Amino acid sequence: MRKVRFDIFQPGFEDPAQNFEAFLQRITHLRKERRLRRLSKETMLYMPNPRHGGSNLWSGELQHIKMTNLPDRIDLSTLVDEALGLPEGEGLVDRCHFAYRTDLGALALQASRLVRPSMFEAYIPYVAQIPFHLAIIPRGDAYPRLTRLRKIASINVRIANPPDSAEFTSLNDPGVSGMAEMLFNFGNAKIDVTVKRANRSESLIFDNVKAFIDRVRGRQAVFESFEALSITGKKEDDEKLEPVDFIKDRMTFEGDVDYDSQRRLDPNGCEAMAVEALLTHEPDLRRYHP
């Protein structure tokens, strides 16, 4: 049994006449090779036919296919390891499951090790040939609380394993770009920085802090590399500082999924959990998408 997390997004196309359900209907009529996106000589993405499970529900998966640099296997009785030995033209598949509710306009996307939300976000327009984005759906009220603050005491940022430091360059924040560049060069690294005001009577520059939060939350490829993004501050007349946490503010769902008879994470269990994630958050999602 393994714990699996689903993040919930609002999917949308730049063209308001397009919608995600229409894309899911259309992709089933595309040739298989048209749905295959090569990332490199050894990896590619592929979406099998999505499944329509009712008037409002769609489910499916995005597959990450690996052709080379395959692991070895080991015999636990002899502890002898040997090559996995896949024939030419075969590969390994990692599945990122999803569920979409048309009545809620919400997509539950599995937090996969190999398929990040930004990779899903980049795959859809490659196939649809239309600009596409995933919008974070807030669970709480972190952003409104930020706008009510008048004094910022500190901001905490923790970044881990950014896939591409170039994504941070466009943020126009040299410090964060520099951190991401350093982590990317070192590999398998994490950095945690807290910026504090010089003294209790002063404040960090509010407009700059808010602009930074806006840029980070608006770029999925950047935001998913943040393990911490929080601000401590207070309103004009308050004495007590309050934390505003943008990571905990995300709409997510976690649960345990069993392994199947072939010792793989059970795909049916993952799909069922994606559906459950949307059902659990339905009251909040209806307020967000009446």
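Residues in the range 150-206 that are surrounded by 17 or more Cβ atoms within 10 Å (Cβ to Cβ) and of a type in the set (D, E, K, R): K151, R158, E167, D173, R197.
Among the residues of the range 181-195, is any over 22 Å from the mean Cα position of the chain (by Cα) and modelled with pLDDT of 90 or more? Scanning the range 181-195, I find at least one residue that is over 22 Å from the mean Cα position of the chain (by Cα) and modelled with pLDDT of 90 or more, so the answer is yes. It is to be established whether one or more residues within the range 214-226 are of a type in the set (S, T, N, Q), assigned to a loop (DSSP other than H, G, I, E, B) and over 30 Å from T102 (Cα atoms). Scanning the range 214-226, I find no residue that is of a type in the set (S, T, N, Q), assigned to a loop (DSSP other than H, G, I, E, B) and over 30 Å from T102 (Cα atoms), so the answer is no. Annotation note: Cβ proximity below 7 Å between a residue of the range 6-27 that is at negative phi and a residue that is in a helix (DSSP H, G or I) and small (G, A, S) (sequence gap 6+ or interchain) occurs for F6/A274; F6/A277; I8/A277; F23/A128.
So that you can scan it fast, the table gives a plain yes or no per residue for (1) of a type outside the set (D, E); (2) part of a loop (DSSP other than H, G, I, E, B); (3) assigned by TED's automatic domain parsing to the domain that holds T43; (4) free of Cβ contacts under 8 Å to residues at least 24 places away in the same chain:
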position: Y126; (1), (2), (3), (4): yes, no, yes, no
position: T147; (1), (2), (3), (4): yes, no, no, no
position: I155; (1), (2), (3), (4): yes, no, no, no
position: I159; (1), (2), (3), (4): yes, no, no, no
position: L204; (1), (2), (3), (4): yes, yes, no, no
position: D207; (1), (2), (3), (4): no, no, no, yes
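Screening V257, V244 for residues that are touching a Cys at 6+ places or on another chain (Cβ under 6 Å), among the hydrophobic types (A, V, I, L, M, F, W, C) and either within 30 Å of M273 (Cβ to Cβ) or modelled with pLDDT under 90 (or both) leaves exactly one candidate, V257.
If you check L104, L109 for being under 21 Å from Y288 (Cα atoms) and in contact with an Asp or Glu (Cβ under 6 Å, 6 or more places away or on another chain), only one passes: L109. Among the listed residues P131, P138, P87, which satisfies the condition of being within 26 Å of A277 (Cα to Cα) and either free of Cβ contacts under 8 Å to residues at least 12 places away in the same chain or of a type outside the set (A, V, I, L, M) (or both)? P138 is the lone residue from the list that is within 26 Å of A277 (Cα to Cα) and either free of Cβ contacts under 8 Å to residues at least 12 places away in the same chain or of a type outside the set (A, V, I, L, M) (or both).
For the range 238-290, the set of residues classified as in a loop (DSSP other than H, G, I, E, B) and more than 28 Å from H52 (Cβ to Cβ) consists of D238, E239, K240, L241, F246, I247, K248, D249, R263, listed by residue number.
When D266 is tested against (1) buried (at least 17 other Cβ atoms within 10 Å of the Cβ); (2) in contact (Cβ under 8 Å) with a residue 40 or more places away in the chain, exactly one condition is not met: (2).
Does the range 223-230 contain any residue that is within 21 Å of T169 (Cα to Cα) and free of Cβ contacts under 8 Å to residues at least 40 places away in the same chain? So far as the range 223-230 goes, no, none of its residues is within 21 Å of T169 (Cα to Cα) and free of Cβ contacts under 8 Å to residues at least 40 places away in the same chain.
For the range 55-99, filtering for residues that are assigned to a loop (DSSP other than H, G, I, E, B) and either outside the structural domain of M119 (by TED's automatic domain parsing) or in contact with a His (Cβ under 8 Å, 6 or more places away or on another chain) (or both) leaves 0.
Pairs meeting the criteria (first residue in the range 33-45 and modelled with pLDDT of 95 or more, second residue among the polar types (S, T, N, Q), beta carbons under 7 Å, at least 6 apart or on different chains) are L45/Q63. Right, A128: surrounded by fewer than 21 Cβ atoms within 10 Å (Cβ to Cβ) and farther than 20 Å from F226 by Cβ or not? So A128 fits the description; yes. Cβ-Cβ contacts under 7 Å between residues 6 or more apart (or on different chains), taken from a first residue in the range 241-252 that is within 16 Å of S225 (Cα to Cα) to a second residue that is in a loop (DSSP other than H, G, I, E, B), are listed as D249/R139; D249/G140; R250/R139. Does the range 106-124 contain any residue that is closer than 30 Å to L278 by Cβ and more than 22 Å from the chain's Cα centre (by Cα)? Within the range 106-124 (the criterion being closer than 30 Å to L278 by Cβ and more than 22 Å from the chain's Cα centre (by Cα)), the answer is no, since none of the residues qualifies.
The values are calculated or read from the model by the stated rules, or taken from the named source; none is laboratory data. Quick caveat: nothing in here was measured; it's all calculated off a predicted structure. Because the Cβ atoms are built from the backbone with ideal geometry, glycine has one as well, and the counts that use them run over all protein chains shown.
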